[in-house]
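Single-structure report; data block below.
The values are calculated or read from the model by the stated rules, or taken from the named source; none is laboratory data. Owing to the predicted nature of the structure, the values given are computational and were not obtained by experimental measurement. Cβ placement follows ideal geometry from the backbone for every residue including glycine, while neighbour counts extend to all protein chains displayed.
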Amino acid sequence: MEGPLFNLTSVWLIDLHSNMLQGQILLFLSPFIYYLDYSENNFSSSMLTDIGEYFSDGTAFFSISSNNLSGIIPESICNSPYLEVLDMSNNSFTGTVPQCVTTMTQ
């Protein structure tokens, strides 16, 4: 994925689920994104190790469910103070789930 979509600065909701997107998930650099949904695509990489840094400004919903993602869930996901919904189901992650994920309030 590339192009002018990544230069948007005032978008707060991005829903790209069920679009057969593939490759590595790219995150949008915008302080306003509240909702980001990449579920039900064909992404087949590992998660970015610094993914939590992208969510430090207010992202509350992030879904990457039902892709072909693998590898570990990075500890940096714990640096997401506003994250309320984190859906990583139906992937092939390995290793230990970071403690902050297991203690998130519902």
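Give me the residue from segment 27-46 that is at pLDDT below 90 and surrounded by 15 or more Cβ atoms within 10 Å (Cβ to Cβ) and, out of that set, farthest from Ser10 (Cα to Cα).
Filtering segment 27-46 for residues that are at pLDDT below 90 and surrounded by 15 or more Cβ atoms within 10 Å (Cβ to Cβ), the one farthest from Ser10 (Cα to Cα) comes out as Leu27.
Among what's in segment 69-106 and is among the small types (Gly, Ala, Ser) and over 17 Å from Thr59 (Cα atoms), pick the residue that is surrounded by the fewest Cβ atoms within 10 Å (Cβ to Cβ).
Gly95
In segment 75-87, what residues are closer than 20 Å to Tyr35 by Cα and either of a type outside the set (A, V, I, L, M, F, W, C) or at pLDDT 95 or above (or both)?
Ser76, Asn79, Ser80, Pro81, Tyr82, Glu84, Asp87
Rundown of residues vs (1) within 12 Å of the chain's Cα centre (by Cα); (2) of a type in the set (S, T, N, Q); (3) assigned to a loop (DSSP other than H, G, I, E, B), yes/no style:
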{"position": "Gly58", "(1), (2), (3)": "no, no, yes"}
{"position": "Phe62", "(1), (2), (3)": "yes, no, no"}
{"position": "Ser65", "(1), (2), (3)": "yes, yes, yes"}
{"position": "Ile73", "(1), (2), (3)": "yes, no, yes"}
{"position": "Ile77", "(1), (2), (3)": "yes, no, no"}
{"position": "Cys100", "(1), (2), (3)": "no, no, no"}
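With the requirement that a residue be within 21 Å of Ile14 (Cα to Cα), out of contact with any helix residue (DSSP H, G or I) (no Cβ under 8 Å at 6 or more places or on another chain) and hydrophobic (A, V, I, L, M, F, W, C), what does segment 57-82 give you?
Ala60, Phe61, Phe62, Ile64, Leu69 - these are the residues of segment 57-82 that are within 21 Å of Ile14 (Cα to Cα), out of contact with any helix residue (DSSP H, G or I) (no Cβ under 8 Å at 6 or more places or on another chain) and hydrophobic (A, V, I, L, M, F, W, C).
Just for segment 1-18: of the residues that are under 17 Å from Asn90 (Cβ atoms) and touching a strand residue (DSSP E or B) at 6+ places or on another chain (Cβ under 9 Å), which one is modelled with the lowest pLDDT?
It comes out as Leu16.
Is it the case that Leu48 is assigned to a loop (DSSP other than H, G, I, E, B), within 15 Å of Ser80 (Cβ to Cβ) and touching a helix residue (DSSP H, G or I) at 6+ places or on another chain (Cβ under 6 Å)?
No, not satisfied.
Can you pull out every residue in segment 27-43 that is among the aliphatic types (A, V, I, L, M) and farther than 14 Å from Ser80 by Cβ?
Leu29
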